[in-house]
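The values are calculated or read from the model by the stated rules, or taken from the named source; none is laboratory data. Keep in mind the model is a prediction, meaning the values are calculated, not measured. Positions of Cβ are backbone-derived with ideal geometry, glycine not excepted, and every protein chain shown enters the neighbour counts. Accessible surface is based on the protein model in full, side chains and every heavy atom, while ligands, DNA and RNA are left aside. Shrake-Rupley method; radii C 1.70, N 1.55, O 1.52, S 1.80 Å.
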Amino acid sequence: MKDWKDKVKQMERSIEPAVSGDEDLGPYKWLPEGVWKNPKKQFGYNLIALPFKDADQARSRGYRVLTNKYKEKLKFTIADKGAPNRGVAPVEKDKNDGVCHRSDDVDAGTFKTVDQFALTLDYIQEIEQVEAISFPDVPPEDRPKETGKIRKKIHHEPGLFLRMTDPIETTIQRKPTVRNVPLNLARLATIPHGNSVLALGSCEVLEYSKTELKKIICAKDGDAADTAMRDYLLLPKDSFRIGMPQGTTQDLDNSSYLEPYRKTIIDKGTPDEFNPVVPQARLFSDLKHVLEIKNFKVKGKFPIKKTTKIYFDTDFATGGILNIPFVTKQANAAAMRSTFWIHELEDTGDYDDEPKMVMQYLQTVLLDFHVIRSDDLPGRIRWPHISINTMIKKSRRR
């Protein structure tokens, strides 16, 4: 970070097409050029709970669950290098000059420069719906006019990824210890529904050293190897039902109120099942599928060389979400957290000077609506809106 900080302070600001492999991009260096997309027969998935009045008023729960299977395109195109944020700070007097000073004693008008510099990478995300299941279903009179198309574009999101010098720090839990983490990354996103997102974050590089590989590939069987790999990636365990609403009954099997979550499983009972309650299970299965391995008890060359894990959270520091008034009143988008795993494979990609790449993400947006909570806590019920995907990079040189 120090070397990059000195370099960016001395460089002339430039706005230019982003180039794959550019070291100035740091953890983002393999994101630009070409397009990230789903491989054939592989999809992204999301679930969302929405305020809803059922036609059967006597049984209406006030919400419905919608799950989507989709194809995605994600492009990173422009790099803005060296955008300056100007600042100064007072200079404290020398505490070793033999004079007793107050803790806040500074020379009047004496300041030092504390400018920050940012590198920005822009992105465009496009989502095309392939299949959708809703329960309860929307009455025909309330549905959009049918176009006859099976696939429908349902999301367009322009945004920015930032890398910053002189970051602040926050304390987070990272097994097995609690540690300070520099918030040197940020994500800004604008959503057509009327939301503006600022999430701060950081990253870590997961190296597949001999020590780590021994835990994975030397496990007693394939299931144990997969468990070790999931622990290393810090993917939530399948016993953690991250798709469940917070502030309602948790009796998923028997509750009539939670029936929509039982009725919106895509490809139920097949190897491609997407369960809205445990979406992370599909994410790990898709990683094995794209790597063409049965499990991580791999014989021979391990398929992943390095993984860059990037995480953003609107609850860090000054992050947050701003919504238009209608959204705030009806289904307030209160928080967002997302994790990206950028896997650099041992195989070569479309060009000899860059590796084959796989990107995965797990994103959760928390929507607050409906006042009555079963746990007696204040506020509205909190409904997770979760998206997952596994994509490969299709390179295209200028």
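Before moving on, here are some points about what is shown:
- The combined condition, being open to solvent by 20 Å² or more (accessible area, probe 1.4 Å) and of a type in the set (V, I, T), is fulfilled by V205.
- Tabulated pairs, the stretch 106-130, first within 30 Å of I154 (Cβ to Cβ), second at pLDDT below 85 and open to solvent by 20 Å² or more (accessible area, probe 1.4 Å), C-beta under 8 angstrom, 6+ apart or interchain: E128/R151; Q129/R151; V130/I150; V130/R151
- Within the stretch 1-32, the set of residues being without any contact (Cβ under 8 Å) to a residue 60 or more places away in the chain and of a type in the set (S, T, N, Q) comprises just one member, Q10.
- Listed by first and then second residue, the pairs with beta-carbon distance under 8 Å, at least 6 apart or on different chains, first residue in the stretch 225-244 and more than 21 Å from P276 (Cα to Cα), second aromatic (F, W, Y) and in a loop (DSSP other than H, G, I, E, B), are A225/F296; D226/F296; A228/F296; M229/F296.
- Considering V8, V19, the condition of being open to solvent by 20 Å² or more (accessible area, probe 1.4 Å), β-branched (V, I, T) and not in a strand (DSSP E or B) is satisfied by V19 alone.
- Exactly one residue among V358, V327 is within 19 Å of the chain's Cα centre (by Cα), modelled with pLDDT of 95 or more and within 23 Å of A199 (Cβ to Cβ), and that residue is V358.
- Single unsatisfied condition, I324 versus (1) touching a Leu at 6+ places or on another chain (Cβ under 7 Å); (2) more than 22 Å from A224 (Cα to Cα); (3) open to solvent by 60 Å² or more (accessible area, probe 1.4 Å): (1)
Results for (1) among the aromatic types (F, W, Y); (2) over 24 Å from I372 (Cα atoms); (3) over 24 Å from the mean Cα position of the chain (by Cα), shown as yes or no for each residue.
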residue	(1), (2), (3)
I216	no, yes, yes
G222	no, yes, yes
A225	no, yes, yes
M229	no, yes, no
L234	no, yes, no
D251	no, no, yes
T264	no, no, no
D272	no, yes, no
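- The stretch 245-279 - residue that is within 30 Å of Y208 (Cβ to Cβ), touching a residue at least 40 places away in the same chain (Cβ under 8 Å) and not aromatic (F, W, Y) and, of those, least open to solvent (accessible area, probe 1.4 Å): P279
- Taken over the stretch 22-33, the criterion of being surrounded by fewer than 21 Cβ atoms within 10 Å (Cβ to Cβ) and in a loop (DSSP other than H, G, I, E, B) is satisfied by D22, K29.
- Search result, residues across the stretch 290-308 that are in contact with a strand residue (DSSP E or B) (Cβ under 8 Å, 6 or more places away or on another chain) and either among the hydroxyl-bearing types (S, T, Y) or open to solvent by 40 Å² or more (accessible area, probe 1.4 Å) (or both): K301, K305, K306, T307, T308
- In the stretch 351-394, the residue that is surrounded by the most Cβ atoms within 10 Å (Cβ to Cβ) out of those that are of a type in the set (G, A, S) and under 21 Å from V327 (Cβ atoms) is S387.
- Check on P51, surrounded by fewer than 18 Cβ atoms within 10 Å (Cβ to Cβ) and under 28 Å from K306 (Cβ atoms): no
- Meets criteria (closer than 26 Å to E157 by Cα, surrounded by 14 or more Cβ atoms within 10 Å (Cβ to Cβ) and charged (D, E, K, R)) for R230: no
- Residue check for A317: among the small types (G, A, S) and either touching a His at 6+ places or on another chain (Cβ under 6 Å) or open to solvent by 20 Å² or more (accessible area, probe 1.4 Å) (or both): yes
- In the stretch 34-51, residue farthest from E259 (Cα to Cα) [restricted to those that are assigned to a strand (DSSP E or B) and of a type in the set (G, A, S)]: G44
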